[in-house]
Amino acid sequence: VFRITGLTVSIAISLIIFKISEVYINRIYALLSSIIFIFLFAYHSEPINIFNYILPYSYVSIIGLLCLLLVYLNTLKYLMDRKIAPLLFLIVSISVCMLSKLEIILSTLIVLMFLPLLFNNNNSCLSKEKNLEGGKRNAIILFWIIPIAVLLFVYIYYFDYVNNEIYYLVKKNLNNLIGRTALGLNNIEYHFTKAITSFLFFITCGTLFILIDNYAIKKARYNYIQILVFITILLITTQIINVEGYDFLFNSSSLILLPFTVYLLGIVFSRGKDHRCVKHKVMLVITLSSLALTFRMAFNNTTNFYGFYLLVPSSMCIIVVIYYYIPLIARKYFNKRTKLLKIAFTIYFSTMCYSSFSNTVDVSEEKNKRLTTDKGALYLYEYQYDATQYLINDFKSSLNKEDTVMVLPEGYMLNYFLDVVPTSYNNSHLPDLTADSERELSLIQEIDEKKFDYIFIVPRYAFEWDLPVLGKDYLIDTIKHIDDTYNFYALYGTMPFSEDGKYGVLILKRK
C-alpha cells in the first residue's frame, strides 16, 4: 500500500510538473523537467525511502507538495482558459494546502495574495471572448475566502499547538544550534559560497554558450567546432558533477537563482506588451511562492535532506528560466541565438539524472539483505541484517499487545515491524525536536507519566544537526533519567553509538 501510494503521488507530481512546464517550453524540455523530479527527488537514494515508506511526516510533505503544485497548475489553467473546473480544483487544492505544513501554508498564502490582481487583469495572451467581465471576475475573488476560512478554523481549533510550534520555529530556532544548523547559519560562509559558486557557474556557462553560439559556431564553415564544443561541455559537466555532486545546481543556489528569475521577469515586464501576458505574471507568483518554500531550510537545502520536497517547485522554475525566459530575452531584446545554451544544459541535466540514478542503484544494491516479515519485506544493509532479524523475529514473540515501546532517537521501522502502536507524543526524538531544554523536560515527564514498558536505543546518528550521538551531544539528562528508571533487557548486535560504528539495538525494560 505504501509503495503504491508513493508511486501514485510521484507520478501525479511528475505529470503536474510536465503540464505547468508545457505552458512555457516545448514537450521535450517539459518532459526533462519531470525526469529531473523523478531521478533527483522521487527516486533519489534518500527520498526513495520517503516517497515509499511509512513516515506520516513524509506523506504530509509530499501530499502538501502535490497540492501546492496543483494550486500553481489550476491558477495557470483557469487564467489561461477561463473555465470553471480549474477554479473549483484551485479552491480544493488551496484548502488542502492550508491543512498542511507551515511552509506550504506560507507558500500558498503568497499565491492567495496575488490572486485578486491576477483575476482582475485582462490577459493579452487570450482572445477578448475569454476575458471575464469585471462583475464576474470580482465575484470569483470571493472564492479565495474559503481556503482562508479553513486556515482560521484549524488555527482556532488547534490554537495552543499551532502557537507552540510557531513560537518554537520562529522565535527560538534562530537563537539555538538546532535552528542555526537547520537554516545553514552555523556555517553560513560555506553554504553561501556554494550558492554563489553554483550561480556563477550558471551565469558563466549561459553567457559563454550564447557567445559561442552567436559568434564562433555561426561563423564556422565546418561542424568540427560544434563537435569540439559539445565534447568540452560533456567533460566539464562530468567533472563538476564528480566534484560538486549531481544536485549542484538545485541546492542552496535556489535562494539566488529564484531572485534572478524575478529579475528576468522584470526585464520581460518592462518591455513591450509582454507584461500583459498572464503566464508571465503566474510564473512570477510561482517563483515567489517557491522562494518562500525554500526558506524552510534556507542555505541548508539539499535534495537528500528536506529539499526532497522544498526544492521541487524551484527546480521547475529554474528549468523554465533556462529553456524559456533566457532564450526569450536573448532573442527578442538582444537578437541572440540560444540553441547551444539549451543543448548544453540538456547534456548537463541528462548527466545529472544519470549520476543520481547510478547512485541510487548503488545504494539499492548495497541493501541486498531481504528480511521477510508478516508486515512485508525489508531490504537492509548487511551490517544491519542480523541484529534486525533477531529483534523482529525473537523479541516480537515476547511482546504482549498491551506493552508500550518508545524508540530513541527515532524508530519508525521498529514500531511498524514489531506491530507496536506508538504512544509517545513524538515518533521522533532527534535534536530538532528535543534539544531545546523545555522539550527535553517534557520528554522526561512523558517517560514518567506513560511508563513505557520498553525503551529501544538505536544508532541513528544526527549528523545533519551537528549533534550526532544520543546521550552525549543531546538528550543527556534524558539518558541519565532512563538509566535510573530502566534495566538492561537485551542487546541485539553491538552497543549503539559504539566507536566501531557497528549496528545494534539496545533494549531496556522498566524497573
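Could you say which residue among Ile455, Ile482, Ile392, Ile444 is among the aliphatic types (A, V, I, L, M) and within 30 Å of Glu365 (Cα to Cα)?
On the way: Ile455 fails: within 30 Å of Glu365 (Cα to Cα); Ile482 fails: within 30 Å of Glu365 (Cα to Cα); Ile444 fails: within 30 Å of Glu365 (Cα to Cα).
Just a single option satisfies the conditions, and that option is Ile392.
Within the bounds of segment 307-324, is there any residue that is in the same structural domain as Phe18 (by TED's automatic domain parsing), part of a loop (DSSP other than H, G, I, E, B), buried (at least 19 other Cβ atoms within 10 Å of the Cβ) and out of contact with any strand residue (DSSP E or B) (no Cβ under 7 Å at 6 or more places or on another chain)? There is at least one residue in segment 307-324 that is in the same structural domain as Phe18 (by TED's automatic domain parsing), part of a loop (DSSP other than H, G, I, E, B), buried (at least 19 other Cβ atoms within 10 Å of the Cβ) and out of contact with any strand residue (DSSP E or B) (no Cβ under 7 Å at 6 or more places or on another chain).
Got at least one residue in segment 335-345 being in contact (Cβ under 8 Å) with a residue 24 or more places away in the chain, more than 20 Å from Thr204 (Cβ to Cβ) and not assigned by TED's automatic domain parsing to the domain that holds Ala462? Among the residues of segment 335-345, not one is in contact (Cβ under 8 Å) with a residue 24 or more places away in the chain, more than 20 Å from Thr204 (Cβ to Cβ) and not assigned by TED's automatic domain parsing to the domain that holds Ala462, which makes the answer no. Scanning segment 491-511 for residues that are touching a residue at least 40 places away in the same chain (Cβ under 8 Å), closer than 22 Å to Tyr461 by Cβ and either in a strand (DSSP E or B) or not assigned by TED's automatic domain parsing to the domain that holds Asn400 (or both) yields Tyr492, Gly493, Gly504, Val505, Leu506, Ile507, Leu508. Being without any contact (Cβ under 8 Å) to a residue 60 or more places away in the chain and under 22 Å from Tyr503 (Cβ atoms) is the requirement here; does Pro468 meet it? Judged against the criteria, Pro468 is a match.
What about Asn74, is it in contact with a Pro (Cβ under 7 Å, 6 or more places away or on another chain), within 20 Å of Thr287 (Cα to Cα) and either at pLDDT 85 or above or assigned to a loop (DSSP other than H, G, I, E, B) (or both)? Taking the combined requirement at face value, the residue satisfies it.
The values are calculated or read from the model by the stated rules, or taken from the named source; none is laboratory data. Everything quoted here is computed from the prediction, not taken from an experiment. Heads up, the Cβs are rebuilt from the backbone with ideal geometry, glycines too, and the neighbour counts pull from every protein chain shown.
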